[in-house]
1. Can you give me the accessible area per residue for the chain, using a 1.4 Å probe, in Å²?
2. Round to a whole number: what % of the accessible area of the chain belongs to carbon and sulfur, probe 1.4 Å?
3. Place the peptides 308-319, 274-285, 191-202, 324-335 in order of packing, highest mean first, counting for every residue the other Cβ atoms within 10 Å and averaging per peptide.
4. Full extension from Gln156 to Glu233: what is 0.36 nm times the residue separation minus their Cα-Cα distance, to one decimal in nm?
5. Which of Gly338, Gly116, Gly253 moves the most in a Gaussian network model of the chain with Cα springs under 10 Å?
6. Taking every pair of Cα atoms in the stretch 39-133, average 1/r, invert it to obtain the Kirkwood radius, and report Rg/Rh to two decimals.
7. With each label point set 7 Å from Cα along the Cα-Cβ vector, what nm distance links Leu332 and Glu172?
8. Taking the stretch 189-356 on its own, what percent of its Cα-Cα pair distances exceed 28 Å?
Amino acid sequence: MSLPAGSTIGIIGGGQLGRMLAMAAARLGYRTVVLEPQPDCPAAQVANRQVTAAYDDPAALAELAEASAVVTYEFENVPVAAAEALAAKVPVYPPARALDVAQDRVTEKTFLNGIGIATADFRAVDNDGELTAALKSFGGSGILKTRRMGYDGKGQRVFRDMQAGGFAGTCEAMGSVPLVLEAFVSFEREVSVIAARGIDGVVAAYDPAENVHRNGILHTSTVPAAIAPRTAEAARTAAVKILSALDYVGVIGVEFFVLADGSLLANEIAPRVHNSGHWTEAACTVSQFEQHIRAVAGLPLGDPRHHSDCVMENLIGDNISRVPELLAEPDLMLHLYGKAAARPGRKMGHFTRINRRA
Ligand code: AMP
């Protein structure tokens with residue numbers, strides 16, 4: 001059954017993704033309450049209400065459950081125990097299992113391989129000895145990542161053509177946390193698929209976007225991606241397979257490496273709306289944000305086809321000063337997040353040029 005207009009949707013996390021979800025919810029007639037410790041966060045500026053507390057605060061979670069007809073989230077590091085506690089009182093979408101899978105890179109890759117989706121070869125690494133052995137098995141090259149809490153290239157170290165040995169202290173320098181060494185993938189390009197699954201199991205996948213990163217942060221997403229139709233189809237099919245395997249409800253982002261022969265390796269699952277899907281608000285009738293709200297509210301999903309080719313670009317840090325010139329351009333949709341201070345590396349907004357290729 002679909003959520004009646006006027007119902008309240010709870011959103012855990014108050015960043016720009018929560019903000020855009022709250023705006024999409026409002027456009028469909030819903031109210032929103034945001035759980036976020038940071039006062040006056042980007043999402044709370046446009047939501048009906050903020051519960052200002054930690055994501056795992058039991059009283060705040062009880063308050064959120066009380067206020068909401070359904071609860072969703074805008075980031076993948078929501079504590080699984082908090083999602084499970086909430087789910088005992090109110091529907092929580094996407095399901096807590098999606099968080100569990102996405103929060104640990106080893107669990108994530110094991111899950112993907114288990115449903116027949118290829119990833120980079122990987123080894124769990126807990127000490128310098130295991131790192132030495134893992135690097136040796138990958139011919140001296142690889143990317144060492146923290147298993148948990150990594151994002152935007154943070155918590156990563158690249159090894160290229162290293163001789164065996166000499167890694168004493170590496171694991172300590174990475175914070176003495178569980179790590180994973182991934183084989184280095186010489187990919188031709190990176191793409192991602194934004195897909196959604198409704199409560200009734202109906203799925204919809206947007207066309208893959210081609211993503212370019214700078215300093216580990218997404219710089220541009222271009223649609224269509226310069227890939228063969230069968231590669232695009234394989235990426236959409238893999239995303240849908242993940243949705244079904246997780247009995248998922250909501251929008252998911254799946255990142256892939258495209259190899260020279262057109263084959264794909266899945267890199268990461270984001271159980272939420274995703275930066276590489278921001279283009280959908282300018283180039284599709286139903287954006288990823290509306291699609292997510294439709295899914296969690298039990299409404300029919302929207303048509304994922306795009307009406308325009310486009311390029312989305314992030315506005316990071318000082319790049320916010322480009323706003324006056326961007327506003328002068330035709331066919332450009334600007335979206336700012338209401339953040340006061342433009343710190344280096346901070347996502348301040350994004351814009352999408354439609355009717356463009358890279
Ligand atoms: P991640 O945090 O896993 O999304 O990694 C951030 C970026 O690092 C990716 O978008 C790639 O550009 C690069 N990268 C990550 N893993 C690998 C890998 N195994 N081989 C080559 N490049 C990688």
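The values are calculated or read from the model by the stated rules, or taken from the named source; none is laboratory data. Source: prediction; values computed, not measured. Positions of Cβ are generated from backbone atoms using ideal geometry, with glycine treated the same way; all protein chains shown enter the neighbour counts. These accessible areas exclude ligands, DNA and RNA; they are computed on the full protein's heavy atoms, side chains included. Shrake-Rupley method; radii C 1.70, N 1.55, O 1.52, S 1.80 Å.
1. Details: 15010 Å² over 358 residues.
With all protein chains present, the chain gives 42 Å² per residue.
2. 51
3. Packing order, densest peptide first, comes out as 274-285, 191-202, 308-319, 324-335.
4. 24.7 nm
5. Gly116
6. 1.11
7. 5.1
8. 22
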